[in-house]
1. Can you run phi through the Karplus equation (6.51, -1.76, 1.60; θ = phi - 60°) for the range 653-668 and list ³J(HN,Hα) in whole Hz, with x for Gly and Pro?
2. Would the range 635-687 count as rounded, prolate or oblate if I go by the C-alpha gyration tensor, calling it rounded below 1.5 in a/c and otherwise prolate when a/b exceeds b/c, oblate otherwise?
3. In whole angstrom, and with the biggest value first, how far do the Cα coordinates of the range 616-665 range along each principal axis?
4. Assigning unit charges at the beta carbon (Lys, Arg +1; Asp, Glu -1) and nothing else, what dipole magnitude in debye, to the nearest 20, does the range 567-723 show about its Cα centre?
5. About its Cα centre, what dipole magnitude does the range 116-265 give when the only charges are +1 on Lys and Arg Cβ and -1 on Asp and Glu Cβ, stated in debye to the nearest 20?
6. Using only helices, what value at 222 nm comes out for the chain when you add -39,500 (n - 2.57) per DSSP H run of length 4 or more and divide by the total residues, to the nearest 500 deg cm²/dmol?
7. Please give the contour-minus-distance gain from Phe677 to Ser129: 0.36 nm per residue of separation, less the Cα-Cα distance, rounded to one decimal in nm.
8. Using +1 at the C-beta of Lys and Arg and -1 at the C-beta of Asp and Glu, which of Ser364, Ile249, Gln192 has the Cα lying farthest in the positive direction of the dipole of the chain?
Amino acid sequence: MAKYRDLLCLSVVIAFIAAQTIFGALVHAQDQSQPAKRVTLEQLLSAPFAADLVAAKRVNRIAWTLDDNGKRNIWVAEAPKFEARRLTSYLQDDGQELSQVNFSEDGNTIVYTRGGEKNSAGQSPNPTSNPAGATQAVWAIEFSGGEPRKIDDGHSPKISSQGMVAYIRDGVIYLASLNGVGKPSQLVVRGQNHSEEWSPDGSRLAFVSSRGDHSFIAIYNVAAKAISYLAASVDSDSNPAWSLDGKRIAFVRRPAQPRDTPQGYFIEPDRPHPWAVWVAADATKDAPAIPAHEIWHSSTDPNGSFPYMADDTGGGVLNWAADDRLVIASEEDGWQHLYSLSVEGGKPQLLTLGECEVEQWSFSADRKTVYFNSNCGDIDRRHLWWVSIGGGTVVNAPLSGGDGIEWSPRVLANGKDLVYLASGAADPSEVRHEDISTPNKKDLAPEYGNHNRILSSQPITRRPKDFPAGELVTPQQVIFKAADGVDVHGQLFVPRDGRPREKHPALVFMHGGSMRQMLLGWHYMYYYSNAYAMNQYLANRGYVVLSVNYRSGIGYGRAFREAPGRAGRGATEYRDVVAAGKFLQALADVDPSRVGLWGGSYGGFLTAMGLAHNSDIFAAGVDFHGVHDWPTDNWDGKNIAPDLTKLAHESSPVSAVETWKSPVLFIHGDDDRNVYFTQTVDLIARLRAKGGVTIEQLIFPDEIHDLLLHRDWLGAYEVEAEFFERYLKHDTAHSKTAQATTTVPNPN
């Protein structure tokens with residue numbers, strides 16, 4: 001579409017002076033250091049990735065998952081020594097995920113899920129193509145050690161205070177004894193059932209029963225073996241939260257929609273999605289129907305829409321805290337913040353302040369304090385904070401700061417030990433501990449510098465001794481404007497190679513999601529931790545890399561995330577990618593004829609957009625499992641008008657195949673559950689029919705979207721690096737000698 005090129009070419013004029021100034025300063029800084037030694041992908045991907053950090057309720061114990069080169073295990077530690085100990089013994093790179101870790105009430109037993117969710121054909125992920133197949137199952141293991149025992153097939157285990165485990169299999173809730181006595185029992189309830197929550201005394205289980213165009217909050221009475229429903233209606237109810245005394249339940253209600261409302265996440269017109277908080281005053285009432293009433297509702301403005309990010313990556317939209325107050329997430333002021341709301345209703349009190357966003361949160365044992373991470377004061381990083389939920393003046397107190405990135409705060413039962421996950425520019429994720437018993441928590445801000453952490457206690461986990469932290473570069477924050485004036489943030493990786501006068505090849509990297517934000521250091525998500533490692537590897541090999549936080553991503557407010565015309569509504573975020581390409585072309589030490597781009601998922605979509613619309617800017621690209629035609633990958637949307645479908649198609653790479661000239665490498669697993677594999681099949685077929693485009697491909701049979709095998713990440717990145725070496729590090733004449741179509745075999 002010519003409109004992209006005509007409008008976006010202005011961005012080079014806007015960015016040129018800023019780019020020259022920024023890059024000049026960065027090159028000068030890099031000149032002062034010694035050239036970096038060559039590192040390998042094996043080294044960069046060798047650091048174990050920590051996630052799923054949880055704390056026991058009543059004892060001072062923690063657990064987390066650790067992915068060590070594809071070997072996924074549960075690790076544990078205990079106050080006061082916090083000596084890390086591997087609990088499970090899964091010692092193969094077998095692609096079986098570990099997740100949903102939970103402690104029993106006494107902290108003596110841990111339950112978890114092993115394996116991934118089923119696809120539409122009912123098949124669990126099996127990336128090794130094991131003829132015996134694979135299953136997703138719930139397991140239990142003692143904190144003291146021993147062999148894990150399988151509870152049953154399923155996922156999402158929750159343990160009651162009475163030692164009963166609720167879990168989900170194929171949309172059905174099952175109950176089993178934690179000690180393995182007896183057989184699991186099934187709750188026969190219509191619909192797809194999920195989000196189970198035990199009452200504090202373990203006598204009742206609340207859950208969501210989804211019925212398609214509406215949903216109920218159901219309560220199962222364990223002793224009576226009976227089901228009740230809270231204020232059943234035509235609306236959609238979700239997010240049940242028990243009161244601390246176990247007598248009441250708060251939940252979210254979203255109003256019913258007309259049957260012909262357009263539904264298609266990446267295509268449907270933008271509209272408000274209002275919601276309300278309801279409370280059932282007597283959730284223990286033994287009756288088929290339990291009354292409830294509304295205590296608060298959002299505005300009907302776009303900012304009042306249901307904050308779905310809080311469910312996806314945060315600490316939940318709705319939490320019951322101390323003193324009969326609820327902590328809710330909302331974007332009423334345009335940013336995701338936390339509010340305190342009385343169960344009697346009234347105006348919510350803002351707990352977190354500023355033009356910044358709260359992302360993850362948890363509570364102290366007495367439920368009087370919220371611990372959270374946000375990008376407040378440091379918009380391209382994450383730091384830890386705390387705030388009291390009580391009334392009066394709200395003060396957000398920092399728990400961390402400096403050049404690090406911190407997330408997943410958990411305070412132990414003793415109220416003095418804080419554990420969390422942290423990373424830095426040269427330090428992949430690790431579990432850390434801090435004593436917060438000091439009277440003034442503001443004094444606890446740890447500082448980071450030159451890869452050495454100044455903290456009162458040591459990390460609980462450590463990276464490998466031979467990890468090449470000293471050879472990595474520190475990405476620099478850059479801010480440039482797209483042609484329509486939108487400010488775009490990015491992280492610029494400048495090679496530390498001792499040759500500042502050399503014209504470097506350059507790459508633009510786009511994340512997926514698109515509700516993601518790349519940071520000035522190792523990322524807190526496994527997929528993007530790997531991508532950060534790849535960008536460091538590319539910088540080590542002499543590429544200038546610009547990671548772009550394009551519009552529709554998180555971290556910069558709802559207006560940026562819900563930007564008009566994004567995705568299948570006009571692909572306005574592509575303007576940010578072109579601006580990034582022109583920003584790189586304007587740098588004095590970048591060869592403007594050797595700028596490429598790469599990205600996965602949504603980033604694959606933007607990679608294909610760049611090659612289709614602007615082969616004049618982007619000389620080559622690597623497209624990981626990208627979306628190529630919005631109408632065919634629209635999350636099973638319905639009631640989309642023909643004009644919207646046409647716009648979505650025109651906002652897709654497939655509509656500009658005729659202007660595609662640059663070589664491309666496609667990488668995709670054919671059991672992808674996020675982006676249909678047919679997206680890559682279709683685009684390659686179209687490019688072959690057009691002719692004149694060098695196509696290479698790396699296909700992983702039985703792999704999913706977020707590659708499960710460590711060796712597949714290594715194989716994919718090695719092929720990507722070799723592809724860019726051929727097309728961006730050699731002259732044009734050499735590149736034209738490359739084979740027109742190459743199928744790279746699966747390294748498995």
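What follows draws every value from the coordinates through simple rules; no lab data is involved. This one's a predicted model, so the numbers in the text were calculated from it and none came from an experiment. Ideal geometry is used to build each Cβ from the backbone, glycine not excepted, and the neighbour counts take in all protein chains shown.
1. Karplus-based 3J(HN,Hα) across the range 653-668 equals x, 5, 7, 10, 4, 5, 9, 7, 10, 6, x, 9, 10, 9, 10, 7 Hz.
2. Details: a/c = 3.21, a/b = 1.22, b/c = 2.64.
In terms of gyration-tensor shape, oblate.
3. 39, 20, 13
4. For this selection, approximately 580 debye.
5. Charge dipole, the range 116-265, about its Cα centre: 280 debye, nearest 20.
6. On the way: 12 runs with 125 residues, N = 748.
Taken over the chain, the calculation gives -5000 deg cm²/dmol.
7. Taking Phe677 through Ser129 to full extension adds about 195.6 nm, to one decimal.
8. Ser364
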